[in-house]
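A short worksheet on the structure shown next.
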Amino acid sequence: MKTPEYYGWWSKRVNDNIPGPREDCVQSLEEHLQVAPLELEIIKHDFEKRSSEWGKRIEQLEEEKMRLGLDVDIHKLEAEKLRKGKNKAEEDLDSLKTNYKKLRLSMRTAGLGKTLKHRNSAIELRANFKKN
């Protein structure tokens, strides 16, 4: 139970643990709050700074991704072009082989193969006689 004396003492008491304003540096509460930034403002500023840095980094990575994508497309086109060229060269080689076989066969059937051999050997004999 609280008595009227207690209420009187309670209303007049002084808390010695709370420092009063010093006379050499007197600031109003508003000035003090304006000077000392709140922890939340510091965190917010730090977050905005990091967010801006990460945003720039993301833009750089997106540009690099786009450049690499273009490089990949170019390499794919070059590879496809080389593949087509290789296939055409192989087809041409096969065609030449087939034509050569047909020519050899027709020479054999016509007897031209023997006459060419005789002609070449005759030329060689003449060359040998001229040397001697």
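The values are calculated or read from the model by the stated rules, or taken from the named source; none is laboratory data. Note that the structure is predicted; figures quoted are calculated from it, not measured. FYI the Cβ positions are ideal-geometry reconstructions off the backbone, even for glycines, and counts take in every protein chain you see.
Listed residues 97, 86, 131, 101; which is of a type outside the set (Asp, Glu) and either touching a Phe, Trp or Tyr at 6+ places or on another chain (Cβ under 9 Å) or surrounded by fewer than 10 Cβ atoms within 10 Å (Cβ to Cβ) (or both)? It would help to see each step written out before you state the result.
Working: 97 fails: either touching a Phe, Trp or Tyr at 6+ places or on another chain (Cβ under 9 Å) or surrounded by fewer than 10 Cβ atoms within 10 Å (Cβ to Cβ) (or both); 86 fails: either touching a Phe, Trp or Tyr at 6+ places or on another chain (Cβ under 9 Å) or surrounded by fewer than 10 Cβ atoms within 10 Å (Cβ to Cβ) (or both); 101 fails: either touching a Phe, Trp or Tyr at 6+ places or on another chain (Cβ under 9 Å) or surrounded by fewer than 10 Cβ atoms within 10 Å (Cβ to Cβ) (or both).
On inspection, the qualifying residue turns out to be 131.
Output the residue which, of all residues in the stretch 26-40 that are loosely packed, with under 10 Cβ neighbours inside 10 Å and part of a helix (DSSP H, G or I), is modelled with the lowest pLDDT. Write out each step before concluding.
We begin by selecting, within the stretch 26-40, every residue loosely packed, with under 10 Cβ neighbours inside 10 Å; these are 26, 28-30, 35-36, 38-40.
With part of a helix (DSSP H, G or I) added as a condition, the list becomes 29-30, 35, 39-40.
Values: 29: 64, 30: 67, 35: 58, 39: 77, 40: 80.
The selected residue is 35.
Scanning the stretch 97-117 for residues that are of a type in the set (Lys, Arg) and at pLDDT 95 or above turns up nothing.
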